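K.L.:
Quick one: the structure is below, and I'll ask about it shortly.
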Amino acid sequence: IICGGDHVFLQTNESNVYGFGWNEYGQLATGDKLNGFLPTLIKSLSKMDNETNSINLQKLSASGFAHSIAIINNHLFTWGWNDNGQLG
């Protein structure tokens, strides 16, 4: 369980990630800005079965108020609110 200001991610043993909560700045990585009232599979953060889309989610943080950070396949990704440069 990864908790943010008003959003949450759940990572399963199978390396699938679900998100829900406030999403006004796209901090859930769902591709939209709709608030999630139920856990929704986040395909961009979840492990895929075929080799061309293999995702190795090494770290995930939602500790920001309206932004999230992940290390995927040894690359750093940030998304969400960036009014104060918090996305780097």
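The values are calculated or read from the model by the stated rules, or taken from the named source; none is laboratory data. Just so we're clear, the structure is a prediction, and the values are computed from it rather than from any experiment. Ideal geometry is used to build each Cβ from the backbone, glycine not excepted, and the neighbour counts take in all protein chains shown. Remember, those area values only see protein heavy atoms, side chains included, never the ligands or the DNA or RNA. Shrake-Rupley method; radii C 1.70, N 1.55, O 1.52, S 1.80 Å.
K.L.:
I'm trying to understand the selection: among the residues of segment 1-17, which are within 19 Å of Gln58 (Cβ to Cβ), outside any loop (DSSP other than H, G, I, E, B) and either open to solvent by less than 40 Å² (accessible area, probe 1.4 Å) or among the charged types (D, E, K, R) (or both)?
P.N.:
Passing the criteria: Ile2, Phe9, Val17.
K.L.:
Here's another thing I want to ask about it. Mind telling me which of the residues Lys33, Lys43, Lys47 ends up being under 18 Å from Gly5 (Cα atoms) and either open to solvent by 100 Å² or more (accessible area, probe 1.4 Å) or in contact with a helix residue (DSSP H, G or I) (Cβ under 8 Å, 6 or more places away or on another chain) (or both)?
P.N.:
When all the criteria are applied, what remains is Lys33.
K.L.:
Taking Phe20, is it closer than 18 Å to Phe77 by Cβ and surrounded by 13 or more Cβ atoms within 10 Å (Cβ to Cβ)?
P.N.:
no
K.L.:
Looking only at residues in segment 58-71 that are among the hydrophobic types (A, V, I, L, M, F, W, C) and modelled with pLDDT of 90 or more, which one is surrounded by the most Cβ atoms within 10 Å (Cβ to Cβ)?
P.N.:
Ala70
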